[in-house]
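S.K.: Take this structure first; my questions come after.
The values are calculated or read from the model by the stated rules, or taken from the named source; none is laboratory data. What you see is a predicted model, and the numbers here were worked out from it, not measured in a lab. Neighbour counts are summed over all protein chains in view; Cβ atoms, including those assigned to glycine, are modelled from backbone coordinates with ideal geometry.
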Amino acid sequence: MTSVKYKLSYLLPVLFLVLFSSSGCFDVKREIKMNPDGTGLENMYITLDKDFYDRMNTLADLDKTGKWKKKLDSLSDDGIIERGITASLQRVGGTSVKELKVTLNPDASKQIYLQYSFDEPGVLAKVVKEGTFFWSNQLPVIWNTIKFQYEEDNLTFKQTIRKAERSFDDELMHTVFSSTYPGKKITYAIEFPFEVKESNAMTASGNMLTWEMSIEDVIHNQQTDTAGLVKDASLELTYAEKIDRTVGKVSQKENPLIRVQVYNRNKEPVKIGTGVVLKDGMLVTNFKLMNLIEGAGYFSVILPSDSLAGIDDMTEKDLDEKQDLVFLRYGSSDKFKPIKYAVTGNIKYGDKVKLFYYPNTLSSTVYSMDGNIAATKKWTKKTSVIEIKPSKPITLEGGAVFNEAGEFLGMITQAFDGEVGKLYLVPADYIKSQMP
């Protein structure tokens, strides 16, 4: 078998609000063929009936700002629908629209047909973000993620939907549609091109798995759908994260790392940096990695659950460009293991250390690797940088290093240019002295 077929009624890259209508208001059919290399083609069919437009009319009449009237007008104009869908797909790299058509049916319903190609499965989540942006509060919120991980012939699929209310929080809209959320079910089926070993699917038939969730869960709760698959060990999947057993996975409570999402001036995600949690609600990350000029001051913290936490306003004391430091305060109830700080003056050549890092910044899993102290070198007139030799060559954009006593030794930085195969740390005791 060489294809994957999705029937995902909630991954709607055109009209998120159709999910909020009652039974019969809409019909969505998605057929996605994915090749083993991650490329593929999707055919999508969306039907909006008179009942849906009646509900939208009610919402537009109640809205005094005129916002929903404009959205309703957009849904009533075929040309605007086509241009909007095309523009949404064009904002997603790795897609190409093949065919797009809007048809008015005799019963006054509308059918939208869209066919587009994609370069890798991660594009499917990006299409959701861009396609629903017009209907959202337009905040940088990630509520849908798709991931693949593999180790030799074992492949894992994971898709998470979590609290879409953070992106779709219009109170008036919820007043009109919320009574339909609990009873409206969303079902999607995936036919995998690999043997299925296990899954948490509602039903399974061979390589075809089916999941179901309610709109209530989409909006207010969380669901994670998973499948364990078997692939040819010789097949390299560029779209999947490879699990390296030469290093160890680390649980959330055993490590201090957290991801930081950086956005550009248009509030589009441009990169992910690594933060070190110094205490609950306080992290430090690299000035160089955060790239404040490119980010234009827009950041979010990605929690281990893959949800986002907001960041408090920053002050000049939070920035230390010369030592490659940025301190951020964020809101979260998640607890991290308290840090004990090592003293730079006590370290010596050959001391064993443990590195903690993200093997892939898109992953919420932290890995660890052994290493040794190689040297300390002058960085500025008042500060030194610690040189680490990892157990195998590796290039890391951020991370934390601890000594054998479990004390925080420093944060990995790329701001210091040194010997090939070595990593360099901003010392922990300096970070502690500068913490706001």
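S.K.: Scan segment 361-382 for residues that are over 30 Å from G122 (Cα atoms) and either buried (at least 17 other Cβ atoms within 10 Å of the Cβ) or not assigned by TED's automatic domain parsing to the domain that holds V426 (or both) and report the count.
M.R.: Of segment 361-382, the ones over 30 Å from G122 (Cα atoms) are 370-382.
Still in the list and also either buried (at least 17 other Cβ atoms within 10 Å of the Cβ) or not assigned by TED's automatic domain parsing to the domain that holds V426 (or both): 371, 373-374, 376, 379.
Final tally of qualifying residues: 5.
S.K.: Of everything in segment 263-289, what is modelled with pLDDT of 85 or more, in contact with a Leu (Cβ under 9 Å, 6 or more places away or on another chain), in a strand (DSSP E or B) and not hydrophobic (A, V, I, L, M, F, W, C)? Give them in sequence order.
M.R.: Those that are modelled with pLDDT of 85 or more, in contact with a Leu (Cβ under 9 Å, 6 or more places away or on another chain), in a strand (DSSP E or B) and not hydrophobic (A, V, I, L, M, F, W, C): T274, G275, T285.
S.K.: Mind checking whether some residue in segment 253-262 is assigned to a helix (DSSP H, G or I), at pLDDT below 85 and more than 25 Å from S433 (Cβ to Cβ)? It would help to see each step written out before you state the result.
M.R.: First, pick out the residues of segment 253-262 that are assigned to a helix (DSSP H, G or I): 253-254.
Still in the running and at pLDDT below 85: 253-254.
After this cut, where a residue has to be more than 25 Å from S433 (Cβ to Cβ) as well, the list is 253-254.
Yes, there is a match, as at least one residue in segment 253-262 is assigned to a helix (DSSP H, G or I), at pLDDT below 85 and more than 25 Å from S433 (Cβ to Cβ).
S.K.: Among the residues of segment 97-149, which ones are buried (at least 16 other Cβ atoms within 10 Å of the Cβ), of a type in the set (D, E, K, R) and out of contact with any strand residue (DSSP E or B) (no Cβ under 9 Å at 6 or more places or on another chain)?
M.R.: The one that is buried (at least 16 other Cβ atoms within 10 Å of the Cβ), of a type in the set (D, E, K, R) and out of contact with any strand residue (DSSP E or B) (no Cβ under 9 Å at 6 or more places or on another chain): E130.
S.K.: I've got another one for you. Can you pull out every residue in segment 300-336 that is of a type in the set (A, V, I, L, M) and in a strand (DSSP E or B)?
M.R.: Result: V301, I302, L308, A309, I311, L319, L325, V326, L328.
S.K.: Scan V128, V102, V97, V123 and give me the residue that is closer than 26 Å to Q222 by Cβ, modelled with pLDDT of 85 or more and of a type in the set (A, V, I, L, M).
M.R.: V123
S.K.: Suppose we filter segment 357-372 for residues that are assigned to a strand (DSSP E or B) and out of contact with any Gly (no Cβ under 6 Å at 6 or more places or on another chain); how many remain? Can you show your working first?
M.R.: First, the residues of segment 357-372 that are assigned to a strand (DSSP E or B): 357, 366-372.
Remaining after also requiring out of contact with any Gly (no Cβ under 6 Å at 6 or more places or on another chain): 366-367, 369-371.
Here the count works out to 5.
S.K.: I'm trying to understand the selection: among the residues of segment 180-200, which are closer than 9 Å to W211 by Cβ, in contact (Cβ under 8 Å) with a residue 60 or more places away in the chain and among the small types (G, A, S)?
M.R.: The one that is closer than 9 Å to W211 by Cβ, in contact (Cβ under 8 Å) with a residue 60 or more places away in the chain and among the small types (G, A, S): A189.
S.K.: State all residues of segment 80-110 that are in contact with a Lys or Arg (Cβ under 8 Å, 6 or more places away or on another chain) and part of a strand (DSSP E or B); if no residue qualifies, say none.
M.R.: If the condition is that a residue be in contact with a Lys or Arg (Cβ under 8 Å, 6 or more places away or on another chain) and part of a strand (DSSP E or B), then V102, T103, L104 are the ones that fit.
S.K.: Scan segment 403-429 residue by residue and report those that are part of a helix (DSSP H, G or I) and surrounded by 24 or more Cβ atoms within 10 Å (Cβ to Cβ).
M.R.: Listed by number, the list holds a single entry, A428.
S.K.: Can you name the condition, by its number, that I388 falls short on among (1) at pLDDT 85 or above; (2) more than 26 Å from V260 (Cα to Cα)?
M.R.: (2)
S.K.: Which of the residues that make up segment 41-58 are modelled with pLDDT of 80 or more, touching a helix residue (DSSP H, G or I) at 6+ places or on another chain (Cβ under 9 Å) and surrounded by fewer than 22 Cβ atoms within 10 Å (Cβ to Cβ)?
M.R.: Y53, N57, T58
S.K.: Taking only segment 339-360 into account, find how many residues are loosely packed, with under 11 Cβ neighbours inside 10 Å and either free of Cβ contacts under 8 Å to residues at least 24 places away in the same chain or under 27 Å from the mean Cα position of the chain (by Cα) (or both).
M.R.: Qualifying residue count, segment 339-360: 2.
S.K.: Keeping to segment 164-204, report how many residues are surrounded by 18 or more Cβ atoms within 10 Å (Cβ to Cβ), part of a loop (DSSP other than H, G, I, E, B) and of a type in the set (S, T, N, Q).
M.R.: 1
S.K.: Counting only residues that are closer than 14 Å to G345 by Cα and at pLDDT below 90, how many does segment 391-417 have?
M.R.: Residues in segment 391-417 being closer than 14 Å to G345 by Cα and at pLDDT below 90: 0 in total.
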